[in-house]
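As structure tokens, the structure follows; a few thoughts come after it.
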Amino acid sequence: MTRKTILKTTAICGALLGFAAPALAQVTCAGAGTGGQWIGGSEAESDISTADNYREQMALVMGGNDYVALFTLSETTDVRLEAAGRGSGDPMIDLLDANGTLILSDDDSGGNAASRAETTLDAGTYCLATRSYDGGPMTAFVRIGRQEQDALTEGLNSFDDFASSGSCDDAATMGALGTSVTASAAQTPYWRFTLYEPTAVTITATNEAADPLITLYDAFDGYLGENDDYNGLNSRLDMVTPLAAGDYCLNVRALSDDSLPITVTVSAYDAQAALLELYARGDAAPPLDGTVPVTDLGLVGTRLRQDVNSTRDMAWFSVDVDASSLLLIEAIGNGNVDPWLIVYDDLGREVGQNDDYGGSLDSLLAARVQPGTYVIGVRQFGDGQGLIRLLVERFVPAQ
């Protein structure tokens, strides 16, 4: 398995640093924030726009799961989002809006394996999900504040090995919106592009062997956003709020090998394509309306088995349960494939997920369920194809 796991949006566990456990939030960010906790202990105290200081929690990240902190903004605000692991912990963060749209992700931008992102957000409610890059248990500190408030992390300046030479003044020019350019981070650390009208954009940087990190600036070197490890070790930055017409500068760094080519693409943001990407990664449950193929396996009696020709994209299945039961679901790769498994109910609420159960690469999940329809997603870690055997067993209480 590679250095970092694919990002996942999962179940929640944690406690507030130095205080009683905060109230559970009702806002779900399309299911990703179910069970999440207000960063300030309550919704009113979690308004970062008006808070007298940053808000911080201690996140207890269980193996394979996320810790989700929720916060609100009463007005457009420049915010800083950070997560720093204790000991050898290496946290990763995702920021989602109230509709479940992924705004940004980060792994190492805080320096010393910590995560950090600074961006401008409109008024609304947001979910900040924190996980361990290796899928194991971890304790981390999560801090959300305005950019003028004290930072938790050192920032990328602590990564001297990854410092890029040059500046936006030396940026190479990209072509028209939608075209791609390829160069190593050592050869071309800065790219410049121009928008001729207000446009929401998606920026990608691909080559997992290089492990790219991208940072976007405006024409005056003002920070706009960054991303590391959106899908595997590749990067993607979605600027869903249209950027004003003008010139922009993109810094490309390689966290593994700056001599390897990295393909960079700037294209118009496609909301539908971004939603399909969430389904393909398993970060949201697909609707049962035919938008995404979902194979109906029917009513679970005692045992169902399905072979899956798996890829990096999620294969989806649905099962029906007609009585209160325990579902035991396995994804078996027999050592040839590394499967990842996730289960949602028909409203898109996550039931559970698992990767690498019992010291093997196989996945196993057990969940008590009520009558209803459940959606099961399975995919493999990494590229290529492989056979995964999906097993669903149902157990009922003894009479």
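Ordering Phe395, Phe193, Phe71 from the fewest to the most neighbouring beta carbons within 10 Å gives Phe395, Phe193, Phe71. Note on the stretch 37-158: along the principal axes its Cα atoms extend 36, 29, 24 Å, ordered by decreasing extent. Taking a sphere under 14 Å around the Cβ of Asp289 and counting the other residues whose Cβ falls inside, with K and R at +1 and D and E at -1, yields a net charge of -2. Entry note: the stretch 160-276 has Rg to Rh equal to 0.94, where both radii use alpha-carbon atoms and Rh is the Kirkwood radius. Computed from backbone phi, the HN-Hα couplings of the stretch 373-379 come to 9, 10, 10, 10, x, 9, 8 Hz, rounded to whole numbers (Karplus: 6.51 cos²θ - 1.76 cosθ + 1.60, θ = phi - 60°; Gly and Pro given as x).
A viscosity of 1.567 mPa s and a temperature of 4 °C, combined with the Kirkwood radius over C-alpha pairs in the Stokes-Einstein formula, give the chain a diffusion coefficient of 60 µm²/s.
Does the stretch 292-399 classify as rounded, prolate or oblate by the C-alpha gyration tensor (a ≥ b ≥ c root eigenvalues; a/c under 1.5 gives rounded; else a/b over b/c gives prolate, otherwise oblate)? Here the stretch 292-399 falls in the prolate category. Label-to-label distance for Phe395 and Asp150 is 5.0 nm, based on points extended 7 Å past Cα in the beta-carbon direction. In terms of other Cβ atoms within 10 Å, Ser360, Ser46 run from fewest to most in the order Ser360, Ser46. Helix 271-281 axis versus longest C-alpha principal axis of the chain: approximately 50°, rounded to the nearest ten. Just so you know, the Cα atoms of the stretch 333-378 work out to an Rg and Dmax of 11.8, 35 Å.
At a threshold of 8 angstrom on Cα-Cα distance, excluding pairs fewer than six apart, so keeping six or more, what relative contact order does the chain reach in percent? Before the final figure, lay out each step's value.
On the way: 1141 pairs, mean separation 56.2, N = 399.
Once divided by the residue count of the chain, the mean separation gives 14 percent.
Listed from fewest to most Cβ neighbours within 10 Å, the set Asp90, Asp106, Asp345 follows the order Asp345, Asp90, Asp106. Diffusion coefficient (Stokes-Einstein, Kirkwood radius over C-alpha pairs, 10 °C, 1.306 mPa s) for the stretch 278-337: 119 µm²/s, rounded to a whole number.
Compute the longest continuous run of the chain that contains no exposed GluC sites (Glu not before Pro); treat a site as exposed when its DSSP state is not H, G, I, E or B and it has at most 15 other Cβ atoms within 10 Å. Write out the running numbers ahead of the final one.
Values: sites that count: Glu75, Glu148, Glu154.
It runs 155-399.
Here, each number is a calculation from the coordinates, and none is a lab measurement. What you are looking at is a predicted structure, and each value in this text was computed from that prediction instead of being measured. Counting neighbours? That spans all protein chains shown, and the Cβs are built from the backbone with ideal geometry, glycine included.
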